[in-house]
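S.K.: My questions all concern the structure below.
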């Protein structure tokens, strides 16, 4: 149980670090990582495994084994894990923005950057496709489970949209570099 709780706390802190540092929270926009404020938790420092995707009552208070979650009812922790995985990609976008700000020439390989963006979009699609229907960010259906899983589905939806916006801004950053180079001629 202690190991599971530790993993959950780490990944919650990771998400908070990226959220606050990304400026996505209006109240904390002053800590925007894109404006040069430090990101505290770096992927290169090492990351623990994600927590098990089971509800709290499936984690025994004694013993190392986590009980399997009943397949008929997905755990809310599946959504938590999806959000954490998406934030890993948001961090990678932040890192690329930082590299551009520090050294625009280091980000000059547009072809490699475009391939990275394709990979990131494929990873996001994979994360979203792996979600159970109740947690997928699709509010066009009148799914009765929406009341149970609605908040987690909304978190996944908002976080995935944030990643899409961050990915859309990566080529724009690179275009500014090309534009700046052309304007100095």
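Any read-out appearing in this document is the output of simple, stated calculations on the displayed coordinates, not a laboratory observation. In this text the structure is predicted, and so the values were computed from the model without any measurement. Positions of Cβ are backbone-derived with ideal geometry, glycine not excepted, and every protein chain shown enters the neighbour counts.
S.K.: Can you sort 116, 89 from fewest to most other Cβ atoms within 10 Å of each residue's own Cβ?
M.R.: The fewest-first ordering by Cβ neighbours comes to 116, 89.
S.K.: While we're here: Could you rank the peptides 152-158, 7-13 by their average count of other C-beta atoms within 10 Å per residue, with the highest value first?
M.R.: 152-158, 7-13
S.K.: Round to the nearest 0.05 the FRET efficiency obtained for residue 66 and residue 112 when R0 = 30 Å and r is the Cβ-Cβ distance.
M.R.: 0.15
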